[in-house]
Amino acid sequence: MSQGLPAAGGVSVLQSGVAAPGNAPPPQSPEDDDRKVRRREKNRVAAQRSRKKQTQKADKLHEEYECLEQENALLRREIAKLNEELQQLSLALKEHEKMCPLLLCPMNFVPGLRPDPVASCLPR
């Protein structure tokens with residue numbers, strides 16, 4: 001009979017939980033048990049340390065996220081304020097252009113006629 005195939009009772013040798021005669025683990029000595037306990041304890045401590053480090057990293061990223069969100073909100077408010085100022089200045093410029101003597105004086109658009117075009121168009 002080959003290993004893994006059902007035996008006469010319909011249960012394979014692997015399924016029965018009985019180890020084959022040549023594959024039984026050697027009996028463990030007290031030193032082996034101590035070594036195993038120490039290794040498990042060391043692994044447990046390392047896992048705790050790893051989880052703590054991962055939690056600290058996540059906390060730090062969350063704090064950084066919060067700071068960036070606040071900075072982003074501040075910058076968006078500043079952009080809105082600057083856009084409002086731009087609209088006001090554009091409107092003021094448009095109103096000024098309607099009555100600006102430099103823009104209304106036709107002599108300012110003729111090249112080379114006067115050395116000082118501003119002086120001749122300003123009110124006296």
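The values are calculated or read from the model by the stated rules, or taken from the named source; none is laboratory data. Just so you know, these numbers come straight off a predicted model, no measurement behind them. All Cβ positions, even for glycine, are placed from backbone atoms using ideal geometry, and neighbour counts span all protein chains on display. Only protein heavy atoms, including side chains, enter the accessible area calculation; ligands, DNA and RNA are left aside. Shrake-Rupley method; radii C 1.70, N 1.55, O 1.52, S 1.80 Å.
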Exercise for the section: Among the residues of segment 87-106, write down those that are open to solvent by less than 100 Å² (accessible area, probe 1.4 Å) and of a type outside the set (Gly, Ala, Ser). Expected result: LEU93, GLU95, HIS96, GLU97, CYS100, PRO101, LEU102, LEU103, CYS105, PRO106
Practice task
Identify the residue in segment 26-45 that is open to solvent by less than 100 Å² (accessible area, probe 1.4 Å), assigned to a helix (DSSP H, G or I) and not β-branched (Val, Ile, Thr) and, among all such residues, is modelled with the highest pLDDT.
Solution key: GLU41
Problem - Condition met for GLN48 (of a type in the set (S, T, N, Q), in a helix (DSSP H, G or I) and either modelled with pLDDT under 95 or out of contact with any Gly (no Cβ under 9 Å at 6 or more places or on another chain) (or both)) - result: yes
